[in-house]
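To start, the structure under review is shown below, and the notes come after it.
The values are calculated or read from the model by the stated rules, or taken from the named source; none is laboratory data. Remember, predicted model here, so these are calculated numbers, not experimental data. Ideal geometry is used to build each Cβ from the backbone, glycine not excepted, and the neighbour counts take in all protein chains shown. With ligands, DNA and RNA removed, areas are computed over all heavy atoms of the protein, side chains included. Shrake-Rupley method; radii C 1.70, N 1.55, O 1.52, S 1.80 Å.
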Amino acid sequence: MKVLAIYLPQYHRIKENDEWWGEGYTEWTAVRSAHPCYKGHKQPRVPLNNNYYDLADQDANTWKWQAELAKEYGVYGFCIYHYWFKTGKQLMERPMEILLKHPEIDLNYCFCWANENWTRKWDGKEKLILMEQEYGDEEEWERHFNYLLDFFMDSRYIKIENKPMINIYHSADIDCLDKMITCWNKLAKKNGFDGVYVVSGNTWAKLDNRKEIIDAYYNFEPLYTFRYKCNFFDHAFYKITSLLRTGKNIIFRTKYLEKRVSSKMVVKSMSKPDRYVERPIFPGAYPQWDNTPRRGYKGIEYYGMDISLFKRQLDIAKYNYKNAEFIYVNAWNEWGESAYLEPDSQMKYSCLEVICNEFKK
């Protein structure tokens with residue numbers, strides 16, 4: 001089993017973020033401005049040695065550091081978020097293009113198409129759409145594939161059975177997915193591949209049961225397990241306690257964190273069966289999760305996570321999914337959700353050390 005860490009490329013300035021969120025906005029803006037929402041709340045999170053890096057560096061110094069760190073601790077590769085909208089409009093593509101231009105960087109990678117509307121959900125305003133996700137027709141699908149082709153041809157890009165792996169975060173949202181994949185398979189074969197290998201995300205949203213066009217699934221944790229594996233009483237307890245905290249904030253005009261989920265409960269539920277077993281399932285894990293840097297007291301924290309619980313997730317993956325080729329760890333650097341393997345000022349390299357002990361041979 002190989003460790004794939006989900007990777008966020010949001011650590012550089014783009015004109016859209018300047019326009020939507022304010023001059024100079026990057027992921028680090030939210031991370032730095034975070035504050036505790038209750039006594040003992042671990043915010044803000046600080047990268048080790050204040051390493052607030054910039055992924056727009058043309059010399060790819062951050063990529064080189066990350067690749068060396070991943071290799072040292074047994075992380076096989078990165079699953080990098082890819083943002084593609086209709087007519088070829090992209091967001092945050094520059095870091096991947098810099099990586100492509102530096103073949104000397106020893107890093108396995110693949111893409112995860114984050115096919116969502118671009119909204120203000122990062123600050124709790126999900127209904128305000130900044131860029132709508134549309135899928136177009138065959139001309140659009142060809143344009144998308146042709147952009148990805150340069151990456152697919154890279155020897156570092158992950159392939160299964162001579163098929164470039166393309167992960168789709170919410171594949172169930174794509175009604176035309178069967179026609180799109182047929183188009184991509186045809187184009188892939190024209191370029192020397194045997195097709196594309198489609199991995200659908202098992203997330204908190206609707207799951208995709210179209211097994212005839214899905215090659216595999218990956219579990220996006222902790223959201224998938226909490227939504228689909230935790231029982232009625234777990235959900236009832238969460239809803240009741242959240243309502244009570246919300247009411248307390250309204251009555252006393254306070255701003256304490258309203259939504260909290262027990263990581264111990266989530267990890268315990270990870271051992272339960274998955275919804276779809278007709279195709280390979282790549283299990284998931286998370287070192288921690290807390291999106292209050294983005295949403296403040298209206299966010300959600302999966303509390304109680306520690307090194308032993310993280311190790312427990314990896315053990316579940318190894319023993320319950322013995323034939324799985326990959327485990328997806330959420331995430332390498334999702335600092336705005338406090339989901340990261342990169343070293344910070346408190347935990348240092350402890351999460352990476354757990355992975356190293358579990359997977360590096």
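Farthest towards the positive end of the charge dipole of the chain, among the residues L148, W335, N291, is the Cα of N291, using unit charges on the Cβ of Lys, Arg, Asp and Glu. The angle between the Cα long axis of helix 61-72 and the main principal axis of the chain comes to about 80°, on a 0 to 90 degree scale. The stretch between K311 and R94 holds 74.7 nm of extra length on full extension. This uses 0.36 nm per residue minus the Cα-Cα distance. Working note: Cα atoms of the range 1-139, range along each principal axis, descending, whole Å: 52, 42, 32. Rounded to the nearest 10 degrees, the inclination of helix 232-252 to the longest alpha-carbon principal axis of the chain is 60 degrees.
Using 0.36 nm times the number of residues separating L149 and K186, minus their current alpha carbon distance, what extension gain do you get?
Separation in residues times 0.36 nm, less the Cα-Cα distance, equals 12.0 nm.
Just the number, please: carbon plus sulfur as a percent of the accessible area of the range 24-171, 1.4 Å probe, no ligands or DNA/RNA counted. Result for the range 24-171: 46 percent of the exposed heavy-atom area is carbon or sulfur. Counting charges near M270 (Lys, Arg +1; Asp, Glu -1) among other residues having Cβ under 9 Å from its Cβ returns a value of +3. Helix 177-190 and the long axis of the chain differ in direction by around 40°, with both axes built from C-alpha atoms.
Can you give me the solvent accessible area of Y303 with a 1.4 Å probe, rounded to the nearest 10 Å²? For Y303, solvent-accessible area is about 80 Å². Using the 1.4 Å probe convention, the accessible area of the chain works out to 45 Å² per residue with neighbouring protein chains retained. A simple spin-label model places the labels of F252 and Y228 3.9 nm from each other, with each point 7 Å out along Cα-to-Cβ. When the chain is treated as a GNM with alpha-carbon contacts under 10 Å, the residue of R156, R253, R294 showing the greatest mean-square fluctuation is R253. Inter-label distance, C176 to Y319: 4.7 nm, where each label sits 7 Å from its Cα along the C-beta direction. Below 15 angstrom from the Cβ of D137, what's the summed charge of the other residues (Lys, Arg +1; Asp, Glu -1)? Charge balance near D137 sits at -3. Just the protein heavy atoms count here, and of the accessible area of the range 283-361 at 1.4 Å, carbon and sulfur take up 45 percent.
Taking every alpha-carbon pair under 8 Å whose residues sit at least 6 apart, the range 250-361 reaches a relative contact order of 30 percent.
Using the Cβ-Cβ distance between S271 and R210 with R0 set to 30 Å, the FRET efficiency from 1/(1 + (r/R0)^6) comes to roughly 0.70.
Annotation: extensible slack from K71 through T87 equals 2.1 nm (criterion: 0.36 nm per residue apart, minus Cα-Cα distance). Between rounded, prolate and oblate, where does the chain land on the alpha carbon gyration tensor, with a ≥ b ≥ c its root eigenvalues, rounded for a/c under 1.5, else prolate if a/b exceeds b/c? Because its axes are fairly even, with a/c under 1.5, the chain counts as rounded. Calculated mean residue ellipticity at 222 nm for the chain: -10000 deg cm²/dmol, from DSSP H runs with n ≥ 4 weighted as -39500 (n - 2.57), summed, divided by the residue count and rounded to 500.
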